[in-house]
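One structure below.
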Amino acid sequence: MATYTLPELPYDYAALEPVINPQIIELHHDKHHAAYVKGANDTLEQLAEAREKEAWGAINGLQKNLAFHLSGHILHSIYWHNMTGDGGGEPLAADGVGDLADAITESFGSFAGFKAQLTKAAATTQGSGWGVLAYEPVSDKLIVEQVYDHQGNVGQGSVPVLVFDAWEHAFYLQYKNQKVDFIEAMWAVVNWQDVAKRYAAAKERADVLLLAP
């Protein structure tokens, strides 16, 4: 049996209109995300064959492929749940996400400062990549990270809680080459309830996920 499987979308293809049109959601999930799942599973099979035959000539490429496809699968799995047609705005205590709102202010000075940093990080990623809000357990703070392709510029112990996909396949059919316009529009569909749950879970497990000084 395959180790990784493509998760179902938590909404229908049209749920994020007008920010993201149904054609993009369908292609992005059913084709691109599915390809990362298949790639991860295929690479695991190739690594198993290498172990069996003790044939390690392709080990560097296989390890890189596994990291690429597995990271793509994980980031996309977070991405779908980070969005909702009823989302957007700013996380507020009145909406039950006060701990997240306080952490953003503590870590970035203000919500506006955080929003500007994540927007710029996502929009200026060279080539394909992601902007990521992550919980970093050593400092017990939130940080913004830039991910090239599906890896890079990442604190090793950090846990992604909000991800903005800045690959062209996430927006090109609708926004053409205007990546900045897409990132700005994304703020209207952020699911702060989901982000808050991920933040709370990461904080709860920080002491067992990472033994830090």
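The values are calculated or read from the model by the stated rules, or taken from the named source; none is laboratory data. The model shown is predicted, which means the values in this text are computed figures rather than measured ones. Quick reminder, even Gly has a Cβ in these numbers, built from the backbone with ideal geometry, and neighbours come from all protein chains shown. Heads up: the accessible areas ignore ligands, DNA and RNA and are worked out on the full protein's heavy atoms, side chains in. Shrake-Rupley method; radii C 1.70, N 1.55, O 1.52, S 1.80 Å.
Worth a mention:
- Any chance THR119 is modelled with pLDDT of 95 or more, under 17 Å from VAL195 (Cβ atoms), open to solvent by less than 20 Å² (accessible area, probe 1.4 Å) and not acidic (Asp, Glu): yes
- The set of residues in region 176-203 being part of a helix (DSSP H, G or I), at pLDDT 95 or above and open to solvent by 50 Å² or more (accessible area, probe 1.4 Å) consists of VAL180, ASP181, GLU184, ALA188, GLN193, LYS197, ARG198.
- Members of region 71-89 that are under 19 Å from the mean Cα position of the chain (by Cα) and open to solvent by 40 Å² or more (accessible area, probe 1.4 Å): ILE74, HIS81, GLY85
- Members of region 17-49 found to be open to solvent by 70 Å² or more (accessible area, probe 1.4 Å) and outside any helix (DSSP H, G or I), listed by number: GLU17, PRO18
- Filter pass, THR124 being over 16 Å from GLY72 (Cα atoms), open to solvent by less than 30 Å² (accessible area, probe 1.4 Å) and of a type in the set (S, T, N, Q): no
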